[in-house]
Amino acid sequence: MATTPLSILAAHEARATPPALPLLAREVAGFAYTRIRATFAAPVPLDVIGRGKNVFVIPGFLASDRTTARLRRSLDQAGFRAHGWGLGRNGGVSPDLFEKIDLQFDRNEIDCPATLVGWSLGGVIAREYAKRSPHRVSRVITLGSPFSAHPRANNAWRVYEFVAGHKVDNPPVEAVLHEKPPVPTFAFWSARDGVVAPEAARGRIGETDHATELECSHMAFIADPDSIRAIARAIVA
């Protein structure tokens with residue numbers, strides 16, 4: 001079996017640096033507007049039919065189900081069955097996190113494989129859950145999620161370590177983030193992302209099945225109409 005020299009992997013990680021400060025500044029400036037839009041804006045009309053497919057949406061770091069409300073309302077209106085994760089604010093990975101998600105599947109009576117949609121850290125969690133419970137997952141869609149490259153190739157790692165209480169490269173669960181789950185995976189990324197490096201959210205060959213660029217900020221992945229339409233199409237692709 002062919003292997004990739006460690007020098008090449010190291011060079012790849014070196015290239016994936018956090019987004020530039022002007023991009024981060026735009027994220028901060030638009031934070032309140034985007035959060036309000038993601039929570040309260042009207043559903044986005046979609047050009048797909050959900051046919052009752054279950055979709056389980058995991059919010060980003062320090063976000064809750066309120067932040068994914070517009071996305072879920074849009075999916076519900078198109079005939080999907082969209083579920084929030086029901087675990088409050090996402091404070092990071094904990095040793096029992098995947099057991100808690102299992103319980104949420106049971107509480108929502110999701111008895112057939114569902115699509116997992118994860119924004120930012122939520123996408124990393126979705127991929128890891130799919131590795132552990134592939135029988136419950138039909139596909140994984142990540143939105144600006146840092147599953148590839150160096151775990152510090154983003155502008156949120158310091159805050160994450162402070163809140164979660166562990167290093168980003170030493171989580172309390174066993175994980176190889178860049179390894180692809182055994183289900184179809186769709187990675188959405190943006191060159192305008194001010195939080196996560198595009199390389200980290202796009203992944204390398206073999207780390208995801210589909211990588212698609214969107215023209216939105218990191219915060220807008222779950223609020224922008226074009227992004228929501230792209231997510232819906234990926235669910236039924």
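The values are calculated or read from the model by the stated rules, or taken from the named source; none is laboratory data. Quick caveat, the model's predicted, so the values are computed rather than measured. Note that each Cβ is placed from the backbone with ideal geometry, even for glycine, and that neighbours are counted across all protein chains shown. What goes into the accessible areas is simple: the full protein's heavy atoms, side chains included, and nothing from ligands, DNA or RNA. Shrake-Rupley method; radii C 1.70, N 1.55, O 1.52, S 1.80 Å.
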*Solvent-accessible area per residue, Å², over the range 48-126 with all protein chains present [probe radius 1.4 Å]*: 39
*Put 135, 210 in order of accessible area, largest first, 1.4 Å probe: what do you get?*
135, 210
*Sorted by accessible area (1.4 Å probe), largest first, how do 166, 150 line up?*
150, 166
*Under-5 Å amide H pairs with residue 44, H placed in peptide plane, nonlocal only*: 74
*Evaluate E = 1/(1 + (r/R0)^6) for residue 135 and residue 159, where r is the Cβ-Cβ distance and R0 equals 35 Å; express this FRET efficiency to the nearest 0.05.*
0.55
*Could you tell me what percent of the accessible area of the chain is made up of carbon and sulfur, with a 1.4 Å probe and every protein chain present?*
57
*Reachable lysines, given that their alpha-carbon falls under 30 Å from the alpha-carbon of residue 53 and they are not under 8 places away in the same chain*: 100, 131, 180
*Starting from the Cα of residue 42, move 7 Å in the Cα-to-Cβ direction to define the label point; list residues of the range 53-82 whose amide nitrogen is under 19 Å from there.*
69-79
_Ellipticity estimate at 222 nm from DSSP helix runs (n ≥ 4, -39,500 (n - 2.57)) divided over the chain, nearest 500_ = -10500 deg cm²/dmol
*Residues with amide H under 5 Å of residue 211's amide H, sequence separation 5 or more or different chain, H placed in the peptide plane at 1.01 Å from N; which?*
187
_Loop-only GluC sites (Glu not before Pro) in the range 71-171, please: DSSP not H, G, I, E or B, and at most 11 other Cβ atoms within 10 Å._
109
*Net charge of Cβ neighbours under 15 Å - reference residue 166; Lys, Arg +1; Asp, Glu -1*: -2
